[in-house]
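Working notes for the structure below.
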Amino acid sequence: MISLETSLRHLAWSNQKFFTLFNDQPDEVFGLKAADGEWPIGQLLTHLAGSGEWYRYCLNGVMWTDLKPVINGSVAKEYLGIMAELDTVLLEYCNQPDKALEIEGENGIIHATTSLILSQAVMHAAEHKGQIAAIMKQHGHHLDLDPLDVWSFIHESKNK
Amino acid sequence: MSNSALVTLFKHMSWANHSVFTALSELPEEALTLTAWDPEWKVGGIANHIVMAQPRLLARLKKEEAPADIDFPLTSQGMKDLADHSLKNDAAFLAWIDQPEEMLTFNRFGNTVSFLNTTVVAQIVHHATEHRAQIADILEVNKISTIRLDSLDLWSYERAHR
C-alpha cells in the first residue's frame, strides 16, 4: 500500500542535498532574513535539526542536545551527519502501526501519535526549505528547489 | 487499510491549503499581486499554481487525462473560489490514496515517464508545502504577516480538529 515511506526517504535525501548546498556559502548568507524580526537562514537550518531532535525525543525518548548554531558553511557540513542520523530514526517508525504517545514536555504531558510526528516531520522540513529558498532568492542568491523535489529524488535513486 | 500517517498528512494539507487561500481572500486585493524576487511570481499566481497542480497529479493517479487548467482571478472572490476548489481536489486525493503500490506511466513536460503512485502522492504534499511557504515569505517581505506558518503546522491542525 501507499505509505509515508517515500516522503520520509525523500526528506532524508533532500536534507542531505539541502545542507550540502550551504557548505560553500559565504558566512553572510547565514544571516540573511525575510524581514526584520524574522529568523535568519542559519537559525532556520539549526531549527531543522532541533526539530528532528524533538521528533526523536517524542518517538523514542532520546534527549535533544545543545546544537552548535549554523553560522557558516563548515558548521552546515557538520550537520550532514546529524540530519542523516535523525532521519534514520523517522524511517524506523514509518511502517510500524500508529501508536499513542505521552510525551513529557516542559509544561506537562503532551498527547500525540507516531503518525502526527512523522507527518509533521515531512511537512515542517519542506516548509522551511521553501522559506529558506525564498529568502535566498529575495537577496539575489540562486537556490532552485526543483532539483530537490520528489521526482528528482526518484530519478536519482533509479540511476544509482 | 489506510496508512494513518499518510491520511494525517493529507488531511493536514487540505486544511493548511484552505487556510492559506482563505487568508488570501481576506487580504486587500493588491496583496495578491505582490512579488519578491520575480515580478511574474505573484502571491495569487502561486496560489493558482498549487491548485492547478492538484487535478494534474490526481489525473496521473487515476490514469486519466488531466483536465483543462482553471485560472482563478487575483481577486478576493477568485481566492474564495480557489479555496473551495482546492478543498474539493484535496478531498479527491484523500479518497484515492488508499491504493496498492503501482507503477504509473504518464506524460511529464512532453516526455513519457514512469513513476510509482507513491512518488506522485509524496510530491502532492511536498509541492503544496513548499509553495505555501513561498506565499508566506513573499507577503512577509512586503510587510504582511497574515500567514504564520507555525499556526499551520500539524500540532495546530490536531488541536483544531479535537
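No value in this document is a laboratory result; all are computed from the given coordinates. Only a predicted model underlies this, so the values are computations on that prediction, with no experimental measurement involved. Counting neighbours? That spans all protein chains shown, and the Cβs are built from the backbone with ideal geometry, glycine included.
Annotations
- Contact annotation: residue pairs with Cβ atoms under 6 Å, 6 or more positions apart or on different chains, pairing a residue in the range A:46-73 that is hydroxyl-bearing (Ser, Thr, Tyr) with a partner that is in a loop (DSSP other than H, G, I, E, B), are A:46/A:67; A:46/A:69; A:46/A:70; A:57/A:64.
- Scanning the range A:49-77 for residues that are surrounded by 16 or more Cβ atoms within 10 Å (Cβ to Cβ) and touching a Lys or Arg at 6+ places or on another chain (Cβ under 8 Å) turns up just one, A:75.
- Candidate set from the range A:84-134 (those that are part of a loop (DSSP other than H, G, I, E, B) and among the charged types (D, E, K, R)); member that is farthest from the other protein chains (Cβ to nearest Cβ): A:106
- Total residues in the range B:143-153, condition within 9 Å of chain A (Cβ to nearest Cβ) and in contact with a Leu (Cβ under 9 Å, 6 or more places away or on another chain): 1
- Of all the residues in the range A:1-55, those that are more than 14 Å from every other protein chain (Cβ to nearest Cβ) and part of a loop (DSSP other than H, G, I, E, B) number 5.
- Meets criteria (within 28 Å of residue A:143 (Cβ to Cβ), over 18 Å from the mean Cα position of the chain (by Cα) and loosely packed, with under 14 Cβ neighbours inside 10 Å) for residue B:109: yes
- Condition met for residue A:87 (over 22 Å from residue B:11 (Cβ atoms) and not aliphatic (A, V, I, L, M)): yes
- Matching residues in the range B:42-68 - criterion: being of a type outside the set (D, E, K, R), over 21 Å from residue B:94 (Cα atoms) and touching a helix residue (DSSP H, G or I) at 6+ places or on another chain (Cβ under 8 Å): B:43, B:44, B:46
- Residue list for the range A:140-160, restricted to those being out of contact with any Ser or Thr (no Cβ under 6 Å at 6 or more places or on another chain) and surrounded by 15 or more Cβ atoms within 10 Å (Cβ to Cβ): A:141, A:143, A:145, A:149, A:151, A:152, A:153
- Among the criteria (1) touching a residue at least 60 places away in the same chain (Cβ under 8 Å); (2) buried (at least 19 other Cβ atoms within 10 Å of the Cβ); (3) not polar (S, T, N, Q), the one residue A:84 does not fulfil is (2).
- Cβ separations smaller than 6 Å between residues 6+ apart or across chains give the following pairs from the range B:1-30 residues that are within 14 Å of chain A (Cβ to nearest Cβ) to residues that are outside any helix (DSSP H, G or I) and acidic (Asp, Glu): B:2/B:98; B:4/A:98.
- Residue match in the range A:135-146 (condition: touching a residue at least 24 places away in the same chain (Cβ under 8 Å) and either within 20 Å of residue B:9 (Cα to Cα) or of a type in the set (D, E, K, R) (or both)): no
- Residues considered: B:122, B:133, B:128. Of these, the only one that is within 16 Å of residue B:47 (Cβ to Cβ), at the interface with chain A (Cβ under 7 Å from one of its Cβ atoms), of a type outside the set (Lys, Arg) and under 17 Å from the mean Cα position of the chain (by Cα) is B:133.
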